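Peer 1: Quick one: structure below, then a few questions.
The values are calculated or read from the model by the stated rules, or taken from the named source; none is laboratory data. Here the structure is a predicted model, which is why all the values come from computation and not from measurement. As a convention, Cβ positions derive from the backbone with ideal geometry for all residues, glycine included, and neighbour counts pool all protein chains shown.
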Amino acid sequence: MVQIFIASISGYLSLHFFNTLPPYWFLLLIIVFGAIMFMVYRSVVFICFSLAIFLAVFDANQYINNIDNIPTNSSNTTIDVSISTLFNENIPSEYFEAKVLNLSSSNVDFVSPLRVMVFWKDAPILKQGQIWRLPVRLSRIVGRVNQAGFDREQHALSRGLHGRAVVTSGKVLPTQLSSSMSLRQQWLDKVTPLLKNTDHQSYLTALTFGLRDGLEAQDWIDLRDSGLAHLLAISGLHIGLAMLIGWWIGYLLRLCLPQTGYWLWLPLLCGLLFAFGYAWLAGFSLPTIRALLMCLIVGVLRITAINWRPWQILLVTLGLCLSWDPFVSYSAGFWLSFGAVIIFLVMVIIGNSSALADLSWQQRWYQHLKQLCKVQGYLLLLMLPMQWWWFGGVSLAAPLTNLIAVPWLSFITVPLVLIGVITVWWPALSSFFWLLADYSLTPILHIAAWSHGAWMMLPASITPLLVTIAVMTVVWSLLPLLYFRWIYISIIFIVVVSWWWENNNEKKNQPLWVMTVLDVGHGLAILIEKQQRVFIYDTGNAWDGKSIAQSVIEPILAHKGISAIDGLVLSHSDNDHAGGSDYLIQRYQPRDKYSSDQRDGFSACIMGQKWQWQGLEFSVKWPPKTMSRAKNSDSCVIHIQAVSGEGPSVLLTGDIDAKSELVMLTQVQTEPADILVVPHHGSSTSSTQTLLDSIQPSAAIVSIGYFNPWGLPSAAIKRRYQANNIGWFSTQDSGQVTVTINQNNYHIKQQRYHYSRAWYRPQWLAKE
């Protein structure tokens, strides 16, 4: 059995290694090979492995086929949807997930099931389970692809989302076809009024229904810094606690009933019922499914008197989760949830198994506390690689805060929440328990606020060290230093030599400088890097308290190990270029700031001005004067090249228009540039032939988002660049574009095609 599940798990996880999906004939060949191995060696390992790959690839092909049947360009159509998202009536939301039941369009071949993320501005009160007929613009999901930051395409895969729908206002109006609500929504609607007088309504709703929409940005920062964010998701620990409560209720009921064999399994059945109910309230999220499966397996083993070891139960649970949904391994919850359980099992295996019965109660409490501290230490060290991979950092306060918060929430808050939700049909009693649960959260949230600033971002260069720490943590317990010191000396020697060798190679292959055009959708943000220092040209968009600076630029700087910004240039005032400036200035406090409009604390970015930074010369070509509010035509145009004149040069153009291009070329000395950042996102009002003839670039990079409402870049402008034999690179197709500039040449790398290739990425982008 163990071999079967290991082979199956390996087959499902092999999906992560495919850049493109293999054809079915190749998979059938693998299955035939597995069948031959079974007949020859009587081993099912190969056939289980091949069948798992086949099923995973089959599901992947179905997912891609559903996406391919959505038009590449937004199309107006009418869809019937069943709402999947749970709604809190006190927290309005413009986004929700829905299952498409039917759609009316001649150019869309509907394949069921199709799941979409719907955006509906100024929507009426919506409820889970309702069916609506909606006029929408239906489109595929295309995310920003950068070195770091949120990956929308991977997130959509992990959620099983195929497309995006925007409800339109026109002749056809949204129509409600069915007002029936799900039982879970009805339960939430009964609980919500009872939470009206509580201070921590959003937290209680998250702990009960897994609905975290009410948490504000500062709440998430506090939870991240304290390492307590996992407690606000209904975790496996909470499901286990629900089962324990149900088991005790079943046990008390059994004592009150006739002592016959009929009621022997009542405690276990009640426990499973409570665990299932809590998982259902949470929407069957991954951690709850994992815990529920483990509870169910333990229950079946108990009934059948079969003895399995804990790691066997975990292995079967992992295999069943992947069989249920092969894409679940693309979510952070999968790795963090199973990772934490695996670490706990490692602790059990390598832990001290000495009996505590002979110790005094003080010594027993000391040993238990010591074990808890040890578990938190192991979790911190062994989860470091996963924490960095998914979140780019780690909370230094997590071991201490979890030592206090986990038992407090598990044994005080969660039981009160469960009693409150069970007694919802008795409002007075339920309100009392909700009030107690609310009070119980106060000290935990004080701890979370106290941990502010404890989050440490980690650069990519530290990855080998994190892996080494995690491995050494396990090895240290299994191989005592006293007897295996030469192994540790050898490991340290290898690590030091590898680090020295890598640093030497990096210094030898150090480029003159690097320009990175970030994938920010419709907007512009460019990093000029040299020797771990950075100058930024434009900051991208800002919206509803969020910005590209926070969601894209900051994670990428942390990924590169850059903690300060030397300088900032804002080409002009438009939000898609300067929206994130306030956040960057507050977060990094750059020393030098330039702008073509009149801003407090900024130097003027005007024609003829020059400055040097890290051996590079920045020469401003436009505008002739600053404005109170700089428009497109007033964009700050900068020529960048090494002071020595070595290496290729770059021209940054902002949103300059055709008229400004021509005037600029008549007023300043024309300097050729090898790389041109395309003016105004490839609009037809710029990129004149005169500009191209004067600059003579060999490569052009345009920063633009897919499905933008302006239809940029202009097809005529793109043809103009191609007719002049200028290489065309677009962030909408390529993702982040990185230009490495050496003494005699430059190299362009496209994030989507060179570093982040995967089968679920939109393959059709390269064909457009």
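Peer 1: Kindly list the number of the only condition in (1) modelled with pLDDT under 85; (2) assigned to a helix (DSSP H, G or I); (3) under 24 Å from Gln218 (Cα atoms) that fails for Ala449.
Peer 2: Only one criterion in (1) modelled with pLDDT under 85; (2) assigned to a helix (DSSP H, G or I); (3) under 24 Å from Gln218 (Cα atoms) is unmet by Ala449, namely (1).
Peer 1: Would the stretch 329-340 turn up any residue that is part of a loop (DSSP other than H, G, I, E, B), surrounded by fewer than 19 Cβ atoms within 10 Å (Cβ to Cβ) and modelled with pLDDT of 85 or more?
Peer 2: Scanning the stretch 329-340 turns up no residue that is part of a loop (DSSP other than H, G, I, E, B), surrounded by fewer than 19 Cβ atoms within 10 Å (Cβ to Cβ) and modelled with pLDDT of 85 or more.
Peer 1: Residues of the stretch 665-709 being in contact (Cβ under 8 Å) with a residue 60 or more places away in the chain and either of a type outside the set (D, E, K, R) or at positive phi (or both), which ones?
Peer 2: Step one: of the stretch 665-709, the residues in contact (Cβ under 8 Å) with a residue 60 or more places away in the chain are 667-668, 674-675, 677, 681, 701, 703-708.
Answer for the stretch 665-709, where residues must be in contact (Cβ under 8 Å) with a residue 60 or more places away in the chain and either of a type outside the set (D, E, K, R) or at positive phi (or both): Gln667, Val668, Ile675, Val677, His681, Ile701, Ser703, Ile704, Gly705, Tyr706, Phe707, Asn708.
Peer 1: Check Leu441, Leu436 and return the single one that is in the same structural domain as Ser410 (by TED's automatic domain parsing) and touching a residue at least 60 places away in the same chain (Cβ under 8 Å). Give the steps one after another, and end with the answer.
Peer 2: Values: Leu436 fails: touching a residue at least 60 places away in the same chain (Cβ under 8 Å).
The match here is Leu441.
Peer 1: For Gly240, work out the one condition from (1) closer than 19 Å to Val424 by Cβ; (2) modelled with pLDDT under 90; (3) of a type outside the set (Val, Ile, Thr) it doesn't fulfil.
Peer 2: Exception for Gly240: condition (1).
Peer 1: Further question: When the stretch 61-73 is examined, which residues are found to be surrounded by fewer than 20 Cβ atoms within 10 Å (Cβ to Cβ) and either modelled with pLDDT under 85 or not in a helix (DSSP H, G or I) (or both)?
Peer 2: Asn69, Pro71, Thr72, Asn73
Peer 1: Could you say which residue among Thr198, Thr208, Thr192 is part of a helix (DSSP H, G or I), surrounded by fewer than 19 Cβ atoms within 10 Å (Cβ to Cβ) and either at pLDDT 85 or above or charged (D, E, K, R) (or both)? Let's see the steps before the verdict.
Peer 2: Details: Thr198 fails: part of a helix (DSSP H, G or I); Thr208 fails: surrounded by fewer than 19 Cβ atoms within 10 Å (Cβ to Cβ).
Being part of a helix (DSSP H, G or I), surrounded by fewer than 19 Cβ atoms within 10 Å (Cβ to Cβ) and either at pLDDT 85 or above or charged (D, E, K, R) (or both) holds for just one of Thr198, Thr208, Thr192, which is Thr192.
Peer 1: Could you please give the count of residues in the stretch 431-443 that are farther than 19 Å from His230 by Cα and either among the polar types (S, T, N, Q) or surrounded by 19 or more Cβ atoms within 10 Å (Cβ to Cβ) (or both)?
Peer 2: Initially, the stretch 431-443 is screened for residues farther than 19 Å from His230 by Cα, giving 431-436, 439.
Now restrict to residues that are either among the polar types (S, T, N, Q) or surrounded by 19 or more Cβ atoms within 10 Å (Cβ to Cβ) (or both): 431, 433-434.
Here the count works out to 3.
Peer 1: Quick one: would you say Tyr24 is closer than 27 Å to Val100 by Cα and among the hydroxyl-bearing types (Ser, Thr, Tyr)? Spell out the reasoning first.
Peer 2: On the way: closer than 27 Å to Val100 by Cα: no; among the hydroxyl-bearing types (Ser, Thr, Tyr): yes.
For Tyr24, the condition - closer than 27 Å to Val100 by Cα and among the hydroxyl-bearing types (Ser, Thr, Tyr) - is not met.
Peer 1: Within the stretch 594-605, does at least one residue satisfy the condition of being over 34 Å from the mean Cα position of the chain (by Cα), within 20 Å of Gly523 (Cβ to Cβ) and of a type in the set (Ser, Thr, Tyr)? Lay out the reasoning, then the answer.
Peer 2: Of the residues in the stretch 594-605, the ones over 34 Å from the mean Cα position of the chain (by Cα) are 596-605.
Those still in the list that are within 20 Å of Gly523 (Cβ to Cβ) too: 596-597, 599, 602, 605.
Then keep just the ones that are of a type in the set (Ser, Thr, Tyr); that gives 596.
The answer is yes, given that some residue of the stretch 594-605 is over 34 Å from the mean Cα position of the chain (by Cα), within 20 Å of Gly523 (Cβ to Cβ) and of a type in the set (Ser, Thr, Tyr).
Peer 1: Consider the stretch 299-328. How many of its residues are over 27 Å from Asn61 (Cα atoms) and not in a helix (DSSP H, G or I)?
Peer 2: Going residue by residue through the stretch 299-328, those that are over 27 Å from Asn61 (Cα atoms) are 299-314.
Applying the additional criterion that residues be not in a helix (DSSP H, G or I) yields 305-309.
Looking only at that region, the number is 5.
Peer 1: Could you please tell me which pairs satisfy a Cβ distance under 7 Å, a separation of 6+ or placement on different chains, a first residue in the stretch 642-663 that is outside the structural domain of Gly579 (by TED's automatic domain parsing), and a second residue that is small (Gly, Ala, Ser)?
Peer 2: none
Peer 1: Here are some residues: Val421, Val375, Val414. Which one is at pLDDT below 85 and β-branched (Val, Ile, Thr)?
Peer 2: Val375
Peer 1: Among the numbered conditions (1) closer than 30 Å to Leu518 by Cα; (2) out of contact with any helix residue (DSSP H, G or I) (no Cβ under 9 Å at 6 or more places or on another chain); (3) modelled with pLDDT under 90, tell me where Phe96 comes up short.
Peer 2: All conditions pass for Phe96, except number (3).
Peer 1: Something else about it: Spot the failing condition for Ala428; the list is (1) hydrophobic (A, V, I, L, M, F, W, C); (2) at pLDDT 90 or above; (3) touching a strand residue (DSSP E or B) at 6+ places or on another chain (Cβ under 8 Å), and only one is missed.
Peer 2: For Ala428, the exception is condition (3).
Peer 1: Restrict the check to the stretch 736-751 and report whether at least one residue is in contact with a Leu (Cβ under 8 Å, 6 or more places away or on another chain), buried (at least 18 other Cβ atoms within 10 Å of the Cβ) and either among the charged types (D, E, K, R) or at pLDDT below 90 (or both).
Peer 2: At the first step, the residues of the stretch 736-751 found to be in contact with a Leu (Cβ under 8 Å, 6 or more places away or on another chain) are 736, 741-743.
From the residues that got through so far, the ones that are buried (at least 18 other Cβ atoms within 10 Å of the Cβ) too are 736, 741.
Of the ones still in play, those that are also either among the charged types (D, E, K, R) or at pLDDT below 90 (or both) are none.
Scanning the stretch 736-751 turns up no residue that is in contact with a Leu (Cβ under 8 Å, 6 or more places away or on another chain), buried (at least 18 other Cβ atoms within 10 Å of the Cβ) and either among the charged types (D, E, K, R) or at pLDDT below 90 (or both).
Peer 1: With the structure loaded, tell me whether Ile297 is crowded, with 19+ Cβ neighbours inside 10 Å and either outside the structural domain of Leu211 (by TED's automatic domain parsing) or within 40 Å of the chain's Cα centre (by Cα) (or both) or whether it fails that test. Before the answer, list the steps.
Peer 2: Details: crowded, with 19+ Cβ neighbours inside 10 Å: no; either outside the structural domain of Leu211 (by TED's automatic domain parsing) or within 40 Å of the chain's Cα centre (by Cα) (or both): yes.
Against the criterion (crowded, with 19+ Cβ neighbours inside 10 Å and either outside the structural domain of Leu211 (by TED's automatic domain parsing) or within 40 Å of the chain's Cα centre (by Cα) (or both)), Ile297 does not qualify.
Peer 1: Among the residues of the stretch 527-556, write down those that are among the charged types (D, E, K, R) and in a helix (DSSP H, G or I). Quick ask: steps written out before the conclusion?
Peer 2: Restricting attention to the stretch 527-556, the residues satisfying the condition of being among the charged types (D, E, K, R) are 529-530, 533, 538, 544, 546, 554.
Passing the criteria: only Glu554.
Peer 1: Can you go through Ala428, Ala405 and tell me which one is part of a helix (DSSP H, G or I) and surrounded by 13 or more Cβ atoms within 10 Å (Cβ to Cβ)? Before you say what the answer is, go through the steps one by one.
Peer 2: On the way: Ala428 fails: surrounded by 13 or more Cβ atoms within 10 Å (Cβ to Cβ).
Going through Ala428, Ala405 in turn, just one is part of a helix (DSSP H, G or I) and surrounded by 13 or more Cβ atoms within 10 Å (Cβ to Cβ): Ala405.
Peer 1: Give just the number: which of (1) farther than 18 Å from Ser687 by Cβ; (2) in contact (Cβ under 8 Å) with a residue 60 or more places away in the chain does Ser619 not satisfy?
Peer 2: Of everything listed in (1) farther than 18 Å from Ser687 by Cβ; (2) in contact (Cβ under 8 Å) with a residue 60 or more places away in the chain, Ser619 misses just condition (2).
Peer 1: Just the residues that are in contact with a Phe, Trp or Tyr (Cβ under 9 Å, 6 or more places away or on another chain), part of a loop (DSSP other than H, G, I, E, B) and among the acidic types (Asp, Glu), please, taken from the stretch 648-703.
Peer 2: Selection gives Asp674 alone.
Peer 1: Does Val620 satisfy being in the same structural domain as Gln531 (by TED's automatic domain parsing), crowded, with 18+ Cβ neighbours inside 10 Å and closer than 18 Å to Gln743 by Cβ? Walk me through how you get there before you give the answer.
Peer 2: Working: in the same structural domain as Gln531 (by TED's automatic domain parsing): yes; crowded, with 18+ Cβ neighbours inside 10 Å: yes; closer than 18 Å to Gln743 by Cβ: no.
Answer is no for this residue.
Peer 1: Looking only at residues in the stretch 125-146 that are within 30 Å of Tyr753 (Cα to Cα) and of a type in the set (Lys, Arg), which one is nearest to the chain's Cα centre (by Cα)? Reasoning before the result, please.
Peer 2: Step one: list which residues in the stretch 125-146 are within 30 Å of Tyr753 (Cα to Cα), which gives 137-146.
This time we only want the ones that are of a type in the set (Lys, Arg), so: 137, 140, 144.
Working: Arg137: 25, Arg140: 19, Arg144: 11 Å.
Taking the candidates together, the pick is Arg144.
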